Amino acid sequence: MSDIVFRFGGEGGEGVISTGELFTTACARSGLEIYTFRSYPAEIKGGHAMIQVRVADVNILLSRGGTADVLVAFNKEAYDRHYKELRDGGVLVYDNTDFLPDEDTRTIKYPIPFNKIAMEDIGIRLTKNMVALGALSELFGIPQDKFKEICREKFGKKGEAVLQKNFLAIEAGVKYVQQNVKKADSLRVQPSGRQPRLVLSGNEALSLGALAAGLNVYAGYPITPASTILEFLARELPKTGGSLIQTEDEIAALGVVCGASFAGKKAMTATSGPGLSLMVEMLGLAAMTELPLVIVDAQRAGPSTGMPTKTEQSDLMMAIHGGHGEAPRIVLGLTSVEDCFYGMIRAFNMAEYYQTPVIVLTDQALAQREASIVKPDTSHLEILTRRLPTAADLADYQRYKITPDNISPMAIPGMPDGFYSATGIEHTEAGGLNYEPANHGKMIEKRWKKIEGVLKQPWITKNYGTPNPEVAIIGWGSEEGVIREAVENGNKEGMKLGAMHPKILWPFPTEAINTYLKGVKRVVVPELNYSGQFAKILKQNLQDRNIDVISMAKPGGIPWSPAEVLAQAKEASKHYV
Amino acid sequence: MSKMTAVQYKTKIEPVWCPGCGDFGVLNALCNALSVKEVDPKNMVFVSGIGCSGRLPPYVQSYGFHTVHGRVLPIATGIKVGNPDLTVIAVGGDGDAFAIGGGHIPHMARRNPSIVYIVMDNGTYGLTKGQASPTGPLGMKTGASPYGTVEPPLNPIAMALAYDASFVARGYSGKNKELEALIVRAMNHRGFSIIDVISPCITFYNTYKELPPQLAAIPADHDVKDRAKAFELALRDDKIHLGVFYENERPAFEDRLKETADKARGAGAPKLDEIFLEFA
Ligand SMILES: Cc1ncc(C[n+]2csc(CCOP(=O)(O)OP(=O)(O)O)c2C)c(N)n1
Ligand code: SF4
């Protein structure tokens, strides 16, 4: 079994990230599982760029991994920043035309003059990235043809001459290693012989999920890290006959979505915290008028502009409670790249079924993470649409009729006899304005009770590890893989760890969590925010007040690692004796 | 559908407006126009913002959406994009349109969806009991401006012309036949049409006496394609002109979106499975 963490570092704008991406695609086409993590410089050009690619021939990769096994350093800064995170016995591949590392015996070092080869043998400086890929192919056993095949697809349009230069650069890298490097490590990437994987970023998987769910109208305003959803759907949605509008602001974006939903279409917007802040007034309108729609919040570090390119999970409270009055909504947390695809289908299904806004929380780390997934089987997806009025309903139509499940058939403009006027003012079952406290109580209860039905869905939580654990770990959203890996590693060491990961965050899965925690004394709650938002909600909802909730909260930037979560779980289990 | 009379376009719901409110005149003209245009109520949506004027949708036999303050235009756009076959009419007050919602108007003009926008302009915030609105005169004394306002009013017509809205007109709730004709023309226009309708608030800012002498019809020889001339008329301060200032046919938003979809599709609609292959 091979499981190798490669890290590439260098000057932003010099192709470091795209080199890592090419490397990623080549591995996925070899049937390997992939998990990437990247950090862009804040500036458009210049600054330091890093991409980490974990490659393994296992069934699932849960996290980006801990320390690096291989560091490819294009410049001194990359070496300075990342060398300490290269494990003992790891491999440093570096450009010795740029810098020389300190002499130590902690790691194996392969100097390769990427720049010099690119300049002297090829005559184009930026082909140094291809030289590096050629060297890696020879060093770690990825067939160079895979790189060439991808080059042809990516750069073929630039003409045969450009392509041949790139091929030459790859070959030069291969040749240099053959002639000058004596391999002293035992790391090899083993092509698995399995079906090639799709490599998708979280945002790509999410956008594809929306398309699979039947998205028809998208409206949005650019914001990091959600803009790639806007851009992806701008390209793909019109092909399916749908419409996309880049609006003047996020308020207008949600407005368009509300309008399209009113007209009977599946509609969504995607934004980040600042945009969601602008949307909350209209979110109340959508809850009040019972409109099915989906809002994605790709969270980033806040408040205010915060750190736009850094991840955080700090919008949970806003997603659940944001807005005036009490506006019910469903809040889902996406947990992995694969879950981004299926989670969006669930989001649309629940929005349609319960006629409610659904907020989907992802975050910068998950939005940009790339991972391999098996191609979804689109012929077996369950796709739901809203309940429409029958002829009997239309005979005496009441838009907000209270039914056993509180879901009222929704007439769509164009239907004869379905006339109604939706309004944000409190209204009766028939839709007429009404300021009577008794009616308000009845209608607000209808809207709240309606969405509680979602808690009967089988997918709302997922369990990992030991069923009756001595320490349970409950996190949310994109922390799933990290937690699962911590649980697996702990249990391999003989601990009794278990995790429950809620995919629904509101309405809160109180019953599922309390049932799971029967007999458990301690719960560790890792999340990426300062105040422990999820831990607080969890505490409020525990039936057994003796359960110790250990909040593991830190403000954003870098996700927790499996080792950190495991260390906290060990600490918690110590208190047992 | 058999032709409906203006009365049949009205629902049985009694408007909440004060007796004498200009909005009654707007509602009448609207229903007359619908009868002339023979609009099928099931394919029509009235969308409104918040204000006295925003209460209009349920008074008309149609689908309606009474939304939030200032956001009627994006929501109307969503409805039109969601189903381009619907007749979409947006209504609201001058506060809704030019204060809180003012930021949306330039973008409606740029997009040019086939939506008729009727602003019931009374120079005041009727629903919140008479504060000054962006079209109220300088020095207007209200509860929120006891010493008189210090901001001069904006000129909705000049603003709409500057944004290059493709149909710009002004009407008066007290001139019902003329207003009906304006609404019919706006409904015939493909693209975004905005009609600023002077619709006095009898309770908080009664202008019924001083208005009539200031009103004048746009000269019959005015060329509605001439934007510069339209500006001249809009900027005149001796008279308040009524009629169509400007009309310019250009592709409507819903048509451009359809074109984009056709272009993107090329040979035919791709299956989701084909989109997946981009990531293999
Ligand atoms: C976000 C928000 N701010 C303030 C209000 C209060 N409000 C309701 S209507 C209105 C102004 C109404 O004036 P106008 O739009 O001119 O309509 P009119 O009542 O005169 O027809 C205001 C300020 C609100 N509903 N929402
Ligand atoms: S307060 Fe003014 S605008 Fe409102 S209904 Fe009365 S007269 Fe009309």
Subject >> Protection proxy ranking, peptides A:451-463, B:242-254, average beta carbon neighbours within 10 Å, highest first >> reply: B:242-254, A:451-463
**OP:** Quick one: dipole size for chain B, taken about the Cα centre, charges +1 on Lys/Arg Cβ and -1 on Asp/Glu Cβ, in debye to the nearest 20.
**Re:** 400 debye
Original post:
When all C-alpha to C-alpha distances in the protein assembly as shown are sorted into bins of 20 Å, what percent of pairs does each bin hold, rounded to whole numbers?
Top reply: 14, 39, 30, 15, 2
Original post:
Other chains near A:408-415: what is the mean number of their Cβ atoms within 10 Å of each residue's Cβ?
Top reply: 4
Subject >> Label-point separation in nm, A:ASN468 to A:HIS380, each point 7 Å along Cα→Cβ >> reply: 3.4 nm
Subject >> Selected from B:SER133, B:SER193, B:SER62 as most flexible by GNM, with chain B as the system and alpha-carbon contacts under 10 Å >> reply: B:SER62
Original post:
How would B:ILE218, A:ILE295 rank on accessible area, largest to smallest, probe 1.4 Å?
Top reply: B:ILE218, A:ILE295
**OP:** Find how many whole Å separate the alpha carbon centroid of the stretch B:34-52 from the alpha carbon centroid of the stretch B:151-224.
**Re:** 19 Å
**OP:** Could you order peptides A:69-77, A:104-112, A:374-382 by the average number of other Cβ atoms within 10 Å of their residues, highest first?
**Re:** A:69-77, A:104-112, A:374-382
**OP:** Could you tell me which of rounded, prolate or oblate describes the stretch A:3-180, using a ≥ b ≥ c as the square roots of the eigenvalues of the alpha-carbon gyration tensor, with rounded for a/c under 1.5 and, failing that, prolate when a/b is larger than b/c and oblate otherwise?
**Re:** rounded
**OP:** Please work out the Cα center distance from the stretch A:98-138 to the stretch A:361-378, rounded to the nearest Å.
**Re:** 32 Å
Original post:
Looking at the stretch A:234-260, which residues lose a minimum of 30 Å² of accessible area between their chain alone and all protein chains in place, measuring with a 1.4 Å probe and not counting ligands or nucleic acids?
Top reply: A:GLU236, A:PRO238, A:LYS239, A:SER243, A:ILE245, A:GLU248, A:ILE251, A:VAL256, A:GLY259
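Quick check on the stretch A:52-153: take the gyration tensor over C-alpha atoms, sort the square-rooted eigenvalues as a ≥ b ≥ c, and tell me if it's rounded (a/c under 1.5), prolate or oblate.
Values: a/c = 2.13, a/b = 1.09, b/c = 1.96.
Verdict is oblate for the stretch A:52-153.
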**OP:** Step through the table entries B:LYS3/B:LYS258; B:LYS42/B:LYS271; A:LYS450/B:LYS12; A:LYS128/A:LYS175, compare each Cα-Cα distance with 24 Å, and write down the pairs that go over it.
**Re:** B:LYS3/B:LYS258; B:LYS42/B:LYS271; A:LYS450/B:LYS12
Subject >> Partner chain coverage, peptide B:55-63 - average Cβ within 10 angstrom >> reply: 4
Original post:
What accessible area per residue, rounded to a whole number of Å², is obtained for the protein assembly as shown using a probe radius of 1.4 Å?
Top reply: 39 Å²
**OP:** Using the Cα centre as the reference, give the magnitude of the dipole from point charges on the C-beta atoms of the protein assembly as shown (Lys, Arg: +1; Asp, Glu: -1; all else neutral), rounded to the nearest 20 debye.
**Re:** 720 debye
Original post:
How many percent of DSSP beta bridges within the stretch A:200-373 run antiparallel, rounded to 5?
Top reply: 10 percent
**OP:** Compare B:LEU27, B:LEU138, B:LEU56 in a GNM of chain B, Cα atoms joined below 10 Å, and give the one with the largest fluctuation.
**Re:** B:LEU138
Original post:
Which residues in the stretch A:291-308 have a backbone N closer than 19 Å to a point placed 7 Å from the Cα of B:LEU272 along the Cα-to-Cβ line?
Top reply: A:293-296
Original post:
Quick one: longest stretch of chain B between exposed loop trypsin sites (Lys or Arg not before Pro), exposed meaning at most 15 other C-beta atoms within 10 Å and loop per DSSP?
Top reply: B:13-128
Original post:
How far apart, in nm, are the 7 Å Cα→Cβ label points at B:GLN214 and A:GLU564?
Top reply: 6.5 nm
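Show me you know the interface measure: the accessible area buried between B and A, both chains summed, probe 1.4 Å, in Å² to the nearest 100.
What B and A bury together is about 4100 Å².
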**OP:** Would you be so kind as to identify which of A:LEU505, A:THR515, A:ILE558 lies farthest towards the positive end of the dipole of the stretch A:461-574, taking Lys and Arg as +1 and Asp and Glu as -1 on Cβ and the Cα centre as origin?
**Re:** A:THR515
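Under the rule of -39500 (n - 2.57) per DSSP H run of 4 or more residues, summed and divided by the residues of the protein assembly as shown, what mean residue ellipticity at 222 nm is obtained, to the nearest 500 deg cm²/dmol?
-10500 deg cm²/dmol
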Original post:
Rounded, prolate or oblate: which fits the stretch A:200-373 when a ≥ b ≥ c are the square roots of the eigenvalues of the alpha-carbon gyration tensor, with rounded for a/c under 1.5 and prolate only if a/b beats b/c?
Top reply: rounded
Original post:
In whole angstrom, how far apart do the alpha carbon centroids of the stretch B:54-82 and the stretch A:530-577 sit?
Top reply: 47 Å
Subject >> Accessible-area value, A:SER277, 1.4 Å probe, nucleic acids and ligands omitted, Å² >> reply: 60 Å²
Original post:
Among B:ASP238, B:ASP40, B:ASP226, which one shows the biggest mean-square fluctuation in a GNM of chain B, springs joining Cα atoms closer than 10 Å?
Top reply: B:ASP238
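The values are calculated or read from the model by the stated rules, or taken from the named source; none is laboratory data. The structure presented is a predicted model; accordingly, all values stated were derived computationally and were not measured. Every residue, glycine as well, gets a Cβ built from its backbone with ideal geometry; the counts of neighbours run over all protein chains shown. Keep in mind that these areas ignore ligands, DNA and RNA; they rest on the heavy atoms of the full protein, side chains included. Shrake-Rupley method; radii C 1.70, N 1.55, O 1.52, S 1.80 Å.
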